[in-house]
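Beneath this line is the structure, given in structure tokens, with notes to follow.
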Amino acid sequence: MYSITTVEDEKGEKYRWKPIGNGSGSQLQLFAEYDEINPIASFQKSRTIGNRPGPVTPPASAVQPARLVLSQRGVDIQDIAVISFLVIEKNRRVKQARATADKEDIRMRYRTPWDSPNTATTGDLVNIAGPAF
């Protein structure tokens, strides 16, 4: 769901954010135009780390928070790296919210009376029809 985005620093050097992997497990990495092998920055989504051995308090699984990891070159351009990442992430969330709203709109448009939370129950239908004989 990420789009490929290019940014430029004050020296005119270009950098490119690219999704690595696919689906919800993908991560986003920033590469220099001249080096598409070594990432300058990497965004790693939060993830659950599970089943640590031995008695553990709190429970055995824990959540590793999302993080933006910068290489030394990334630290040199950290303002560009962080701000461009935030813009990309904001755009991704807006697109995701629109897609969710569109799905909800379609669902509401084609809703039947049985989908409504105020749907009559069988007992209500018997009462509407009159007393049971």
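The rows are residues; the columns are (1) modelled with pLDDT under 70; (2) surrounded by 11 or more Cβ atoms within 10 Å (Cβ to Cβ); (3) within 30 Å of Asp9 (Cα to Cα).
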residue: Gly54; (1), (2), (3): yes, no, no
residue: Pro59; (1), (2), (3): yes, no, no
residue: Arg73; (1), (2), (3): no, yes, yes
residue: Gln78; (1), (2), (3): no, yes, yes
residue: Arg92; (1), (2), (3): no, yes, yes
residue: Gln96; (1), (2), (3): no, yes, yes
residue: Ala101; (1), (2), (3): no, no, no
residue: Met108; (1), (2), (3): yes, no, no
residue: Ala120; (1), (2), (3): yes, yes, no
(request) Keeping to region 10-35, report how many residues are surrounded by 11 or more Cβ atoms within 10 Å (Cβ to Cβ), outside any strand (DSSP E or B) and at pLDDT 90 or above. (result) 2
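The values are calculated or read from the model by the stated rules, or taken from the named source; none is laboratory data. Source: prediction; values computed, not measured. Glycine also receives a Cβ, built like all others from the backbone with ideal geometry; neighbour counts cover every protein chain displayed.
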